[in-house]
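Read through the structure below, which is laid out as structure tokens, and then see the notes.
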Amino acid sequence: MIQFDVDLAVIGSGFGGSLMAMIGQRLGLRTVLIDRASHPRFTIGESSTPIANMVLRDLVQRYKLTGIEPLCEYASAEQAHPDVTLGIKRGFTYFWHRTGEPFQPQADRSNEWLVPGNPDDLTADAHWLRSDVDRFLFKQVRANSIATMENTDVTDITRDDDRWCVGGYHSEEPVRIFAQFVLDASGGTGVMLKALEIPISVDCMKTKTRTLYGHFTGVGNWLDAYQEAGGDVEGHPYRCDEAAVHHIIEGGWMWQLQFRNGVTSAGLVLDQDRHPYHPDRYPDEEWHLIVERYPTLAKQFAGSRMHEATFHLIGTDRLQRIAERSAGAGWAGLPNVGGFVDPLHGTGIAQILCGIERLAAILERSWGRDDMEAQLDAYSRTVRTEIELIDSLLHACYLAMDDFSRFKSTSRLYFVASSMYERRFRAGRIQPEHAFLCADDELLRSAVSQVVDRLTEDAQLPAEQRADAAAFDQWIDELVEPLEKNSD
Ligand SMILES: Cc1cc2nc3c(=O)[nH]c(=O)nc-3n(C[C@H](O)[C@H](O)[C@H](O)COP(=O)(O)OP(=O)(O)OC[C@H]3O[C@@H](n4cnc5c(N)ncnc54)[C@H](O)[C@@H]3O)c2cc1C
């Protein structure tokens with residue numbers, strides 16, 4: 001039996017768990033980091049954003065996380081840590097495809113949208129090859145002499161007087177760790193939610209999607225495909241494929257993220273009402289059936305192979321979930337334990353980092369004090385508020401997806417929310433208790449719910465009775481204007 005006592009037990013060594021373990025140690029807590037797997041291991045959630053980098057930089061400075069600073073930007077990471085595979089991300093790129101037709105760039109650019117995230121290559125964000133980034137951070141944890149336990153499956157967590165008993169197995173050997181505080185960074189597994197039997201809901205969520213994804217090699221270059229089809233890159237603010245590329249198709253979209261080692265992360269995210277889930281259908285078979293309907297994408301993938309990291313495509317059932325709570329007396333879960341919506345616009349990494357910043361502040365201010373539980377309750381409510389806002393926002397984007405112009409107008413709300421958060425953060429107006437993406441801003445919540453209502457009503461109308469693209473965009477302008485004025 002392996003047995004020891006700590007202040008903080010962190011379960012899950014993704015980037016979130018490793019950062020929390022290092023912060024715990026900086027706060028003077030005796031910390032252990034536990035994972036049932038060992039590094040390197042494949043995982044998804046790879047596209048960083050300007051908010052993610054801004055918050056990571058703040059964490060690095062605040063908690064003196066030496067060695068991690070270069071990760072905040074693509075160029076500095078590549079220079080300082082060439083062994084960590086990344087991809088350059090200059091922004092968010094969207095292309096709109098018609099079923100059965102090759103992608104045909106338009107002179108008025110009506111089927112493409114490039115949203116810059118940063119001004120140049122030097123300050124570009126990065127796609128994180130998670131097997132490398134997570135392994136790098138895990139090594140940093142070890143370099144800081146923090147106790148780590150890989151290949152240790154946590155199977156039960158019980159409360160024993162005023163401390164937790166975290167039980168499991170390291171290979172075959174039983175493990176028992178006594179901890180004052182448990183930080184659940186186990187992602188969708190939600191070990192603490194299971195131990196405390198906290199209800200997780202699906203039906204209350206509006207977005208209804210599933211995914212098929214994997215890592216590929218030999219995927220044809222999108223920029224080449226675009227130019228071969230006559231596309232003019234002259235007016236593009238950045239190289240269109242050096243981005244989180246979203247290819248919008250009927251009833252869903254495909255993400256493409258290029259890493260500099262030739263690997264492409266790609267996934268189809270499908271509206272479940274239009275592409276129902278069949279558990280007996282092989283993901284590879286469904287992938288080919290769908291991709292074949294889009295000749296330019298099919299050509300891109302014609303010579304591709306699955307990368308050894310995944311071997312075959314991974315298929316999921318519905319992605320959405322929200323837990324009744326994600327923190328309580330003596331424990332907290334990272335935001336992705338509290339719930340998940342969908343990869344559209346890539347909110348995951350940034351939301352987790354914002355959650356880490358809030359939890360770190362709670363541990364710093366309230367460790368051993370009576371107000372700790374109230375702070376954790378507030379954290380838990382904030383995570384729910386964030387997930388609910390992201391759910392409404394992305395649901396609106398899916399409602400608008402069949403009409404690219406409406407999709408762009410609707411997605412602007414996400415970019416407005418991001419820049420509101422970014423500006424307030426830089427101005428020092430975001431306090432640890434504030435929600436990611438300003439999800440607690442009443443004006444923003446009201447704007448998002450008006451858009452959801454309108455798109456839901458419009459979906460019942462024949463196309464000719466709906467407002468035209470210009471009128472819809474004008475209406476979004478009017479909704480967004482007070483938000484932009486209010487964002488500083
Ligand atoms: C299809 C899909 C696409 C996504 N795309 C994006 C995107 O583009 N951008 C973005 O920002 N986010 C995205 N996300 C979200 C993203 O996956 C998560 O935000 C991110 O991976 C969470 O990282 P983490 O370190 O918190 O947890 P994880 O990476 O999930 O790590 C959890 C760790 O816990 C360990 N663990 C689990 N159970 C136990 C146990 N019982 N005992 C011990 N250890 C355990 C696991 O081994 C694992 O190492 C996506 C998610 C999905 C599903």
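Residues checked against (1) of a type in the set (Val, Ile, Thr); (2) part of a helix (DSSP H, G or I); (3) over 22 Å from the mean Cα position of the chain (by Cα); (4) modelled with pLDDT under 95:
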{"position": "Ile387", "(1), (2), (3), (4)": "yes, yes, no, no"}
{"position": "Arg406", "(1), (2), (3), (4)": "no, yes, yes, no"}
{"position": "Tyr414", "(1), (2), (3), (4)": "no, yes, no, no"}
{"position": "Ser418", "(1), (2), (3), (4)": "no, yes, no, no"}
{"position": "Arg429", "(1), (2), (3), (4)": "no, no, yes, yes"}
{"position": "Glu433", "(1), (2), (3), (4)": "no, no, no, yes"}
{"position": "Val448", "(1), (2), (3), (4)": "yes, yes, no, no"}
{"position": "Ala471", "(1), (2), (3), (4)": "no, yes, yes, yes"}
{"position": "Leu479", "(1), (2), (3), (4)": "no, yes, yes, no"}
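Among the residues of the stretch 199-224, how many are open to solvent by 20 Å² or more (accessible area, probe 1.4 Å) and over 30 Å from Asp156 (Cβ atoms)?
The qualifying residues number 10.
Of all residues in the stretch 286-318 being among the aliphatic types (A, V, I, L, M) and over 13 Å from Met254 (Cβ atoms), which is nearest to the chain's Cα centre (by Cα)?
Taking the candidates together, the pick is Ile314.
Please verify whether the stretch 180-198 includes one or more residues that are open to solvent by 40 Å² or more (accessible area, probe 1.4 Å), in contact with a Gly (Cβ under 6 Å, 6 or more places away or on another chain) and either farther than 28 Å from Ser48 by Cβ or away from the ligand (no atom under 11 Å from the Cβ) (or both).
The answer is no, given that none of the residues of the stretch 180-198 is open to solvent by 40 Å² or more (accessible area, probe 1.4 Å), in contact with a Gly (Cβ under 6 Å, 6 or more places away or on another chain) and either farther than 28 Å from Ser48 by Cβ or away from the ligand (no atom under 11 Å from the Cβ) (or both).
Restrict the check to the stretch 425-433 and report whether at least one residue is closer than 30 Å to Thr31 by Cβ, among the β-branched types (Val, Ile, Thr) and free of Cβ contacts under 8 Å to residues at least 12 places away in the same chain.
For the stretch 425-433, residues closer than 30 Å to Thr31 by Cβ, among the β-branched types (Val, Ile, Thr) and free of Cβ contacts under 8 Å to residues at least 12 places away in the same chain: present.
State whether one or more residues within the stretch 84-101 are under 30 Å from Ile146 (Cα atoms), open to solvent by 50 Å² or more (accessible area, probe 1.4 Å) and without any contact (Cβ under 8 Å) to a residue 24 or more places away in the chain.
no
Scan the stretch 24-49 residue by residue and report those that are more than 8 Å from the ligand (Cβ to nearest atom) and either among the acidic types (Asp, Glu) or within 21 Å of the chain's Cα centre (by Cα) (or both).
His39, Pro40, Phe42
Just checking, which of Gly355, Gly330, Gly348 is within 30 Å of Pro276 (Cα to Cα), in contact (Cβ under 8 Å) with a residue 40 or more places away in the chain and crowded, with 16+ Cβ neighbours inside 10 Å?
From the options Gly355, Gly330, Gly348, the qualifying one is Gly348.
If Asn336 satisfies every condition in (1) touching a Phe, Trp or Tyr at 6+ places or on another chain (Cβ under 8 Å); (2) at pLDDT 95 or above; (3) polar (S, T, N, Q) but one, which is the exception?
Of (1) touching a Phe, Trp or Tyr at 6+ places or on another chain (Cβ under 8 Å); (2) at pLDDT 95 or above; (3) polar (S, T, N, Q), only one is false for Asn336: (1).
Hey, could you check the stretch 435-446 for residues that are in a helix (DSSP H, G or I), open to solvent by less than 10 Å² (accessible area, probe 1.4 Å) and among the aliphatic types (A, V, I, L, M) and say which is nearest to Gly346 (Cα to Cα)?
So, considering only residues that are in a helix (DSSP H, G or I), open to solvent by less than 10 Å² (accessible area, probe 1.4 Å) and among the aliphatic types (A, V, I, L, M), the one nearest to Gly346 (Cα to Cα) is Leu437.
Looking at this structure, is Ile322 in contact (Cβ under 8 Å) with a residue 24 or more places away in the chain, touching a helix residue (DSSP H, G or I) at 6+ places or on another chain (Cβ under 9 Å) and in a strand (DSSP E or B)?
yes
The values are calculated or read from the model by the stated rules, or taken from the named source; none is laboratory data. Owing to the predicted nature of the structure, the values given are computational and were not obtained by experimental measurement. Because the Cβ atoms are built from the backbone with ideal geometry, glycine has one as well, and the counts that use them run over all protein chains shown. Remember, those area values only see protein heavy atoms, side chains included, never the ligands or the DNA or RNA. Shrake-Rupley method; radii C 1.70, N 1.55, O 1.52, S 1.80 Å.
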